[in-house]
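The values are calculated or read from the model by the stated rules, or taken from the named source; none is laboratory data. Only a predicted model underlies this, so the values are computations on that prediction, with no experimental measurement involved. Every residue, glycine as well, gets a Cβ built from its backbone with ideal geometry; the counts of neighbours run over all protein chains shown. Accessible surface is based on the protein model in full, side chains and every heavy atom, while ligands, DNA and RNA are left aside. Shrake-Rupley method; radii C 1.70, N 1.55, O 1.52, S 1.80 Å.
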Amino acid sequence: MLNNQGRPTNVDNVNSNVGASSGAALLPSEPLLFEVGDKNKSGVDLPKTDTDFSSRLGGFARQTPINLPGLTEPQSMRHYVRMSRLNYSIDAGFYPLGSCTMKHNPRLNEKMARLPGIADIHPLQPQSTVQGAIELMEELGRWLMELTGTGAVAMAPKAGAHGEMCGMMAIKAAHEAKGQGHRKLVLVPESAHGTNPATAAFLGYKVKEIKARKDGTVDVQAVKDALDENVAGIMLTNPNTCGLFEPDVIEIADAVHEAGAYFYCDGANFNAIMGVVRPGDLGIDAMHINLHKTFSTPHGGGGPGAGPVVLSDALAPYAPLPYVKRDGDAVSLVENQDGSDDHLGRMSAFHGQ
Ligand SMILES: *Cc1c(COP(=O)(O)O)cnc(C)c1O
């Protein structure tokens, strides 16, 4: 079929490329559905109705035609099947994501995410009808605090970089609450993931780079030399990007705290130390956990990331909303500030992934 510019249309070209690992290929010329078809065709037969809907819509009734694309039933079916084959999925190949690719991405996770009890619920449902889902959040949050040796967790952040922003926002809020809002510097080792300096800069901080030692670890003396009353915090990855556990991490944490600053730990590599070391015992104040890295939550072509942030007692009062509260057998999501607390507000429309 040709459209009115004489170009072949996607809806009639779905059968090429079956069996290729990436699914259907994009066509060199890809008209929109609105550009093809014929307004007089329809893929569905709806019975005529005598109801006059305009009477109930008052002045809001649509005055103009709705302008849906006019496709026949096979054309619309081919369109959606073809779209589904453009999705990159774990069935078609390895996840093409940077460091997330180091993880195990079993298909089973996606099956779990499709369980009706999870897939068929809505964030606006009354909480009494989704107690099981809230309980899952509460239980996972409890595990994360236990594994990291911390006392608070924010489940809302959607992935690692979003978690960094959440943790650094808590650090900023804590400084402001203490009248330390003038602290405008964040220390970031040169081996850091690009999201660390980007997060600090996004929140209005200046970034000061800390040199690495010859072996790739952070130079503790360089951190001490850089610390002063203008430093808000350090963002440090442990184990670091070279895959090395920072041997001086406790000395760094102590020096940072002594200077009145906070320790943000990038927990993207937590899988390497989970169950062996608790970051809370090393002196961290905030750390995101990339569940799509450490816990193999579906990610990329197979699902969203998830970046909960654990917080030290010093930062706990600034955790974002909503958070889960247990009251006997019932669990609830606390969604609003009660006026007496310092929560950051929301990181996103609803709760985390
Ligand atoms: C993956 C990663 C991030 C960012 O996490 P996303 O979930 O991709 O946003 C941050 N830091 C390090 C060290 C990482 O490996």
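Give me the residue from segment 57-97 that is basic (Lys, Arg) and open to solvent by 60 Å² or more (accessible area, probe 1.4 Å) and, out of that set, modelled with the highest pLDDT.
Filtering segment 57-97 for residues that are basic (Lys, Arg) and open to solvent by 60 Å² or more (accessible area, probe 1.4 Å), the one modelled with the highest pLDDT comes out as Arg78.
For the condition part of a loop (DSSP other than H, G, I, E, B) and modelled with pLDDT of 85 or more, what is the one hit in Leu124, Leu136?
Criteria check complete, one pass: Leu124.
Is there any pair with a first residue in segment 259-278 that is closer than 19 Å to Val223 by Cβ and without any contact (Cβ under 8 Å) to a residue 60 or more places away in the chain and a second that is small (Gly, Ala, Ser) and not in a loop (DSSP other than H, G, I, E, B) whose Cβ atoms are under 7 Å apart and which are 6 or more apart or on different chains, and what are they?
Qualifying pairs under 7 Å: Phe263/Gly233; Phe263/Ala253.
Restricting attention to segment 27-51, and to residues there that are open to solvent by 70 Å² or more (accessible area, probe 1.4 Å) and within 20 Å of Arg85 (Cα to Cα), which single residue is farthest from the chain's Cα centre (by Cα)?
Among those that are open to solvent by 70 Å² or more (accessible area, probe 1.4 Å) and within 20 Å of Arg85 (Cα to Cα), it is Pro28.
For segment 263-292, name all the residues that are in a loop (DSSP other than H, G, I, E, B) and open to solvent by 30 Å² or more (accessible area, probe 1.4 Å). Even if it seems obvious, please write down each step before you answer.
Of all residues in segment 263-292, those in a loop (DSSP other than H, G, I, E, B) come to 267-269, 273-278, 283-285, 289-290.
Across segment 263-292, the qualifying residues are Asn269, Met274, Gly275, Val276, Val277, Arg278.
Residues Met145, Met168, Met155: which one is assigned by TED's automatic domain parsing to the domain that holds Val310, open to solvent by 10 Å² or more (accessible area, probe 1.4 Å), within 16 Å of the ligand (Cβ to nearest atom) and of a type in the set (A, V, I, L, M, F, W, C)? Let's see the steps before the verdict.
On the way: Met145 fails: within 16 Å of the ligand (Cβ to nearest atom); Met168 fails: open to solvent by 10 Å² or more (accessible area, probe 1.4 Å).
Within the list Met145, Met168, Met155, the selection yields Met155.
Give me the residue from segment 244-260 that is assigned to a helix (DSSP H, G or I) and open to solvent by less than 60 Å² (accessible area, probe 1.4 Å) and, out of that set, farthest from Lys172 (Cα to Cα).
Initially, segment 244-260 is screened for residues assigned to a helix (DSSP H, G or I), giving 249-258.
Filter once more, keeping what is open to solvent by less than 60 Å² (accessible area, probe 1.4 Å): 249, 252-253, 255-256.
Working: Val249: 22, Ile252: 20, Ala253: 18, Ala255: 19, Val256: 15 Å.
Looking at the filtered set, the residue picked out is Val249.
Return the residues of segment 222-243 that are of a type in the set (A, V, I, L, M) and assigned to a helix (DSSP H, G or I); say none if nothing qualifies. Walk me through it before giving the result.
Taking segment 222-243 as the starting set, the residues that turn out to be of a type in the set (A, V, I, L, M) are 222-223, 226-227, 231-232, 234-236.
Across segment 222-243, the qualifying residues are Ala222, Val223, Ala226.
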